[in-house]
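Participant: Pasting a structure below so you can have a look.
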């Protein structure tokens, strides 16, 4: 997990952002936010869909308890505005490009 030293303000909380890849196939890029005061996980801003995405592409969960996270990540310069949406269950999620400085490296030992 890559600690980015990036602070995200969301719903009145000051959160630190970490970028990683999901451990399960298709191992898409994940954005995890933790509370800066106690380092307790706050939310995962992304969804690991069943479609493999480039490492610089994230699917943002901007509904339910995460409503507003898209705008917070755009404002912080973490992602660009959505370039498409993707069906996820009964709803849709926004697909965005991750800023290049946050893109995780592909593990050369990952043979999946």
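The values are calculated or read from the model by the stated rules, or taken from the named source; none is laboratory data. Values in this document were obtained by computation on a predicted structure and should not be read as measured data. Cβ coordinates were reconstructed from backbone atoms using ideal geometry, including for glycine residues, and neighbour counts include every protein chain displayed.
Participant: Determine whether residue 66 is surrounded by 14 or more Cβ atoms within 10 Å (Cβ to Cβ) and farther than 25 Å from residue 105 by Cβ.
Facilitator: yes
Participant: Follow-up. Inside the stretch 57-79, can you point out the residues that are in contact with a strand residue (DSSP E or B) (Cβ under 9 Å, 6 or more places away or on another chain) and assigned to a loop (DSSP other than H, G, I, E, B)?
Facilitator: 61, 62, 63, 68, 76, 77, 78
Participant: Can you tell me which residue is nearest to residue 49 (Cα to Cα) among those in the stretch 90-112 that are modelled with pLDDT of 90 or more and surrounded by fewer than 10 Cβ atoms within 10 Å (Cβ to Cβ)?
Facilitator: Going through the qualifying residues, I end up with 90.
Participant: When residue 3 is evaluated against the numbered criteria (1) modelled with pLDDT under 95; (2) assigned to a strand (DSSP E or B); (3) farther than 18 Å from residue 103 by Cα, which criterion, by number, is the only one it fails?
Facilitator: Of everything listed in (1) modelled with pLDDT under 95; (2) assigned to a strand (DSSP E or B); (3) farther than 18 Å from residue 103 by Cα, residue 3 misses just condition (3).
Participant: Sort through 82, 54 and tell me the only one that's in a loop (DSSP other than H, G, I, E, B), within 22 Å of residue 9 (Cα to Cα) and touching a strand residue (DSSP E or B) at 6+ places or on another chain (Cβ under 9 Å).
Facilitator: Sole residue among the options that is in a loop (DSSP other than H, G, I, E, B), within 22 Å of residue 9 (Cα to Cα) and touching a strand residue (DSSP E or B) at 6+ places or on another chain (Cβ under 9 Å): 82.
Participant: Considering 82, 26, which residue is at pLDDT below 95 and either surrounded by 12 or more Cβ atoms within 10 Å (Cβ to Cβ) or touching a helix residue (DSSP H, G or I) at 6+ places or on another chain (Cβ under 7 Å) (or both)?
Facilitator: Going through 82, 26 in turn, just one is at pLDDT below 95 and either surrounded by 12 or more Cβ atoms within 10 Å (Cβ to Cβ) or touching a helix residue (DSSP H, G or I) at 6+ places or on another chain (Cβ under 7 Å) (or both): 26.
Participant: Still on this model: Take the stretch 29-46 and flag every residue that is surrounded by fewer than 19 Cβ atoms within 10 Å (Cβ to Cβ) and either assigned to a loop (DSSP other than H, G, I, E, B) or in contact (Cβ under 8 Å) with a residue 60 or more places away in the chain (or both).
Facilitator: Those that are surrounded by fewer than 19 Cβ atoms within 10 Å (Cβ to Cβ) and either assigned to a loop (DSSP other than H, G, I, E, B) or in contact (Cβ under 8 Å) with a residue 60 or more places away in the chain (or both): 36, 37, 38, 39, 40.
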